[in-house]
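All remarks here apply to the structure that follows.
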Amino acid sequence: MKRNFDLILGILLIVYIAIINMLSSTKIDFSLPIAMVGIIFIVYHFMKEKLKKIKKYNKLDRILKIVMCIVLICFIGIEAIIIGYPKHKKENSDYIIVLGAGLSNGKTPSLTLKARLDAALKCINEYKNTGYIVVSGGKGDDEHISEAMAMKTYLLNKGVPNKKIITEDESTDTNENLKYSKEKIEKHSGKSLDEVNVKIVTSDFHAFRSSILAKKNGYEKFENYSSDTVWYLMPVMYTREAFALVKSVVFD
């Protein structure tokens, strides 16, 4: 078993990526990197005997294992923070921002985006939140309409009044979601952002990173309410988020 661990792991990663992409209505982000890791494990399994004959292989192998252990420890630490971050604040707010998450067939909310919209509806219908809803998301290259328009249509069909929905349809990532939504809120309310209460609705794996970016964009009175990720997408979504978090902290 130990001898074939790399081969088994590689096959499992590739099979997992194939299955979740077949089950999902849209292409799952970060699928390719995980599949590539699976391929690397498989190739390594069949090449390791030849590699062992290379001079200094043992030293390089030891260094690589140390680096992998350090990366794994950091990864586990980041995941613990992402998982432990508070995600279900039910208090009333003046504005509810729903962050975009892609469309299916270029025109309808993806499974992840639909879950976020349903979470916003839950805040309104179950927790009696009276805030305006800001739907935030631009039009991707493979989309026929903006995410904001698709989100607005979904909410209208669920009975949300048109006057309660504000559209932000220029953003292309989370940082821009929050940046441009801030402009919409300040224009709509006639107040500075620090004078209004904001609820940020996103996915559970995304709550911590969105809060960091919110603070960078001047949000002070905000809280998170998150949707739950479907179980078979949790491994890939939480893995991707760890790397996205590092990217946001360093570059955004």
By the Cα gyration tensor axes a ≥ b ≥ c (a/c under 1.5 gives rounded; else a/b larger than b/c gives prolate, otherwise oblate), the shape of the chain is prolate
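Quick one, can you get me the convex hull of the C-alpha atoms of the stretch 44-139 expressed as volume per residue in Å³?
Details: hull volume 17.5 nm³, N = 96.
Residue-normalised Cα hull volume stands at 182 Å³.
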The base-10 log of I(q)/I(0) that the Debye equation returns for the stretch 43-87 at q = 0.16 Å⁻¹, one scatterer per C-alpha, is -0.59
Among Leu117, Leu155, Leu178, the residue with the largest mean-square fluctuation in a Gaussian network model of the chain built from Cα contacts under 10 Å is Leu155
Cα-based Rg then Dmax for the stretch 181-235, in Å, read 13.2, 43
Using alpha-carbon coordinates alone, the radius of gyration and Dmax of the stretch 137-246 in Å work out to 14.8, 43
Here the gain from full extension of Thr130 to Thr172, 0.36 nm per residue of separation minus their alpha-carbon distance, amounts to 12.4 nm
Sorted on mean Cβ neighbours within 10 Å (highest first), peptides 92-102, 27-37, 137-147 come out as 92-102, 137-147, 27-37
Here the gain from full extension of Asp118 to Ala80, 0.36 nm per residue of separation minus their alpha-carbon distance, amounts to 11.1 nm
Between the alpha carbon centres of the stretch 215-251 and the stretch 97-154 the gap in Å comes to 17 Å
For the stretch 1-72, shape from the Cα gyration tensor axes a ≥ b ≥ c, cut at a/c of 1.5 then a/b versus b/c, turns out prolate
Of Tyr57, Tyr127, Tyr154, the most mobile residue in a GNM of the chain (C-alpha springs, cutoff 10 Å) is Tyr57
Classified through the alpha carbon gyration tensor (a ≥ b ≥ c as square roots of its eigenvalues; rounded if a/c is under 1.5, else prolate when a/b is larger than b/c, else oblate), the stretch 117-182 comes out prolate
Residues of the stretch 9-25 with backbone N under 20 Å of the label point set 7 Å from the Cα of Phe46 along Cα→Cβ are 9-18
Of Ile133, Ile20, Ile185, the most mobile residue in a GNM of the chain (C-alpha springs, cutoff 10 Å) is Ile20
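Bear in mind that the values in this text are calculations on the coordinates, not laboratory data. Every value quoted in this text rests on a predicted model; they were computed, and no experiment measured them. Virtual Cβ from ideal backbone geometry, glycine too; neighbours counted across all protein chains shown.
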